[in-house]
Amino acid sequence: MSNNAKFAEIAALAGDPGRASMLNGLMDGRALTASELAQLAGITAQTASSHLTRMTDAGLLAVEKQGRHRYHRLASPAVAQMIESIMRIAAPGVAAKPVRTGPRDAALRAGRTCYDHLAGHLGVAITDALVDAGHLDLGLDAGEVTESGRALLDSAGIDIAALSAARGRILCRPCLDWSERRPHLAGAIGAALCSHCFERGWITRVDGTRAVTVTPNGQRQLRETFGVSLS
């Protein structure tokens, strides 16, 4: 396909009102299901599925599988930049319609365990802080702790060498968060961080649920140790 033909294909895909609504709805960086995107665009699930397939084939979207669910996200920063540029011309100052995801329970949304690691706003905030500080490189399918990250975790009392030597488990990987629809940290390091927070009393369990709360000391320690802001 020539460059001009590809240009025309991308322009036509982005130009459909339903597809444009879905693309704009993904601009906050989250990954959404086909049904959520259908609701956002005000179209049927069957129509949304067709649109999503075409946009994925064209390289506008990427699909991530998590259990039995399929989540759709923008394929690259270049796609986001294209959409942002179009929106600046088409509708300056108009925000995308918000999509609510995950549990309605505020405590579960704020922080919870996902098997043996931390999820919700808390889990994503810790992950973001580590990535932003250069302590963690996290891709779509895998992650790696940098030298500065190893030093930070070792100083915090998490034995990275022992975790690395243990067999049968990935050291570091992303896990798509149910409510935030952005990655939180899983793998051996994610589990170690979760245990670390419990052992030091930085977080406590909410009886009868997977929800956790951050103690006042925990908020201070997470901020001072890992640069985490929970505001």
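The values are calculated or read from the model by the stated rules, or taken from the named source; none is laboratory data. Keep in mind that this is a model prediction, so the values were computed, not measured. Ideal geometry is used to build each Cβ from the backbone, glycine not excepted, and the neighbour counts take in all protein chains shown.
Here ILE83 does not qualify as of a type in the set (Val, Ile, Thr) and outside the structural domain of ALA14 (by TED's automatic domain parsing).
Within the stretch 173-183, is there a residue that is closer than 28 Å to GLU64 by Cβ and without any contact (Cβ under 8 Å) to a residue 12 or more places away in the chain? Within the stretch 173-183 (the criterion being closer than 28 Å to GLU64 by Cβ and without any contact (Cβ under 8 Å) to a residue 12 or more places away in the chain), the answer is no, since none of the residues qualifies. Please tell me if ILE158 is over 27 Å from GLU36 (Cβ atoms) and crowded, with 21+ Cβ neighbours inside 10 Å. Spelling it out, it is not the case that ILE158 is over 27 Å from GLU36 (Cβ atoms) and crowded, with 21+ Cβ neighbours inside 10 Å. The numbered conditions (1) more than 20 Å from GLY227 (Cβ to Cβ); (2) within 20 Å of the chain's Cα centre (by Cα) are all true for LEU193 except (1).
For ALA165, the criteria (1) of a type in the set (A, V, I, L, M); (2) more than 30 Å from MET27 (Cβ to Cβ); (3) in contact (Cβ under 8 Å) with a residue 12 or more places away in the chain hold in every case but one, which is (3). Taking first residues from the stretch 46-59 that are assigned to a loop (DSSP other than H, G, I, E, B) and partners that are of a type in the set (D, E, K, R), the Cβ contacts under 7 Å between residues at least 6 apart in sequence or on separate chains come to ALA58/GLU9. THR209 meets each of the listed conditions (1) modelled with pLDDT under 95; (2) assigned by TED's automatic domain parsing to the domain that holds LEU153; (3) within 22 Å of the chain's Cα centre (by Cα) apart from (3).
Report whether or not ALA107 is within 17 Å of PHE226 (Cα to Cα), surrounded by fewer than 16 Cβ atoms within 10 Å (Cβ to Cβ) and of a type in the set (A, V, I, L, M, F, W, C). No: the conditions fail for ALA107. The single residue among GLU36, GLU84 that is among the acidic types (Asp, Glu) and within 17 Å of ARG181 (Cα to Cα) turns out to be GLU36. Does ALA31 qualify as being over 20 Å from the mean Cα position of the chain (by Cα) and buried (at least 16 other Cβ atoms within 10 Å of the Cβ)? Considered against the rule, which asks whether it is over 20 Å from the mean Cα position of the chain (by Cα) and buried (at least 16 other Cβ atoms within 10 Å of the Cβ), ALA31 comes out as no. Scoring VAL63 on the criteria (1) touching a residue at least 24 places away in the same chain (Cβ under 8 Å); (2) of a type outside the set (Ser, Thr, Tyr); (3) surrounded by 13 or more Cβ atoms within 10 Å (Cβ to Cβ) leaves a single failure, condition (1).
Condition check for ARG181 on (1) of a type in the set (Lys, Arg); (2) surrounded by fewer than 22 Cβ atoms within 10 Å (Cβ to Cβ); (3) over 17 Å from GLY157 (Cβ atoms): one failure, at (2). In this entry, ALA45 is excluded by the filter for residues that are within 19 Å of the chain's Cα centre (by Cα) and either modelled with pLDDT under 85 or not polar (S, T, N, Q) (or both).
Table: residues versus (1) crowded, with 16+ Cβ neighbours inside 10 Å; (2) among the small types (Gly, Ala, Ser); (3) within 30 Å of GLU224 (Cβ to Cβ).
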position	(1), (2), (3)
ALA75	yes, yes, no
VAL99	yes, no, no
ASP116	no, no, yes
ALA125	yes, yes, yes
GLY139	no, yes, yes
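Filtered by the rule that a residue be in contact (Cβ under 8 Å) with a residue 40 or more places away in the chain and surrounded by fewer than 16 Cβ atoms within 10 Å (Cβ to Cβ), the stretch 11-28 gives MET27, ASP28.
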